[in-house]
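First the structure, in the form of structure tokens, and then the observations on it.
The values are calculated or read from the model by the stated rules, or taken from the named source; none is laboratory data. Predicted, not measured: the structure shown is a model, and the values here were computed from it. Note that each Cβ is placed from the backbone with ideal geometry, even for glycine, and that neighbours are counted across all protein chains shown.
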Amino acid sequence: MDVQVAKELAREKLSDERYYHTECVAAKAKQLALQFGEDVNKALIAGYLHDIAKEFEKADLLQMLEASDIIEHDNLLDCPSVWHGHAAAVYLKREFGIDEEIASAICYHTTARANMSLLEKIVFLADCISDDREYEYLDEIKDILTTESVSNDNFLDEALLFTIRKQIERLTKQNRQIHYDSIKAYNYLALLLNK
């Protein structure tokens, strides 16, 4: 799949509002890919397709997940807000034979996970800091990604750890379930950066 096909598929499957978000994420993914040396085309494709299943019916998402055996992993059933990423990866691999690396970045764009690839990190952060987002901590994430004063060369990992921590704080304040992958990602990054 090339970038234009991904863009057209997103335009076909998504509402105007969701498609606008997708364009913002793709643009931010491209920017981060250029900054951190990732394949720009893969970042753009993942950016355009990360929410491709967001507007699917919940029953359809669940059916896709059950058919792929993903549903048996960790506490996915308890966290329906992240189903669309996992289902999108299944859908895109099955229907379009999408690259495994791109599928994985799409799969984990809401939860993150331990030991993420560069592309996974970029898509996760692009979704969090795209220009249509309004989280109160956005400027802090952007500062981490651009500052020269970070404690080491791990700009991306510092931004990831901060973002995941803020997401966990937000979810706990709302008494919402936290997917195990997010907790594992936080613990992995905290250990890595505090060595």
Original post:
Can you name every residue in segment 6-44 that is of a type in the set (G, A, S) and either in contact with a helix residue (DSSP H, G or I) (Cβ under 7 Å, 6 or more places away or on another chain) or not in a loop (DSSP other than H, G, I, E, B) (or both)?
Top reply: A6, A10, A26, A27, A29, A33, A43
Original post:
Which number in (1) touching a Lys or Arg at 6+ places or on another chain (Cβ under 6 Å); (2) surrounded by fewer than 19 Cβ atoms within 10 Å (Cβ to Cβ) marks the one condition that E100 misses?
Top reply: (1)
Original post:
Inside segment 1-32, can you point out the residues that are within 17 Å of I129 (Cβ to Cβ), at pLDDT below 95 and hydrophobic (A, V, I, L, M, F, W, C)?
Top reply: L32
Original post:
Residues of segment 7-26 being closer than 17 Å to A126 by Cα and crowded, with 16+ Cβ neighbours inside 10 Å, which ones?
Top reply: K7, A10, Y19, H21, T22, E23, C24, V25, A26
**OP:** Pull up segment 57-80, narrow it to residues that are closer than 22 Å to C128 by Cβ and part of a loop (DSSP other than H, G, I, E, B), then point me to the one that is modelled with the lowest pLDDT.
**Re:** D74
Original post:
Which of the residues spanning segment 171-195 are of a type outside the set (S, T, N, Q) and closer than 17 Å to P80 by Cβ?
Top reply: L171, R176, I178, H179, Y180, D181
**OP:** Among what's in segment 161-183 and is without any contact (Cβ under 8 Å) to a residue 60 or more places away in the chain and of a type in the set (S, T, Y), pick the residue that is surrounded by the most Cβ atoms within 10 Å (Cβ to Cβ).
**Re:** T163
Subject >> Members of segment 91-116 found to be within 16 Å of E55 (Cβ to Cβ) and either assigned to a loop (DSSP other than H, G, I, E, B) or touching a Ser or Thr at 6+ places or on another chain (Cβ under 9 Å) (or both), listed by number >> reply: H109, T110
Subject >> Given (1) modelled with pLDDT of 80 or more; (2) under 16 Å from the mean Cα position of the chain (by Cα), index of the condition E140 fails >> reply: (2)
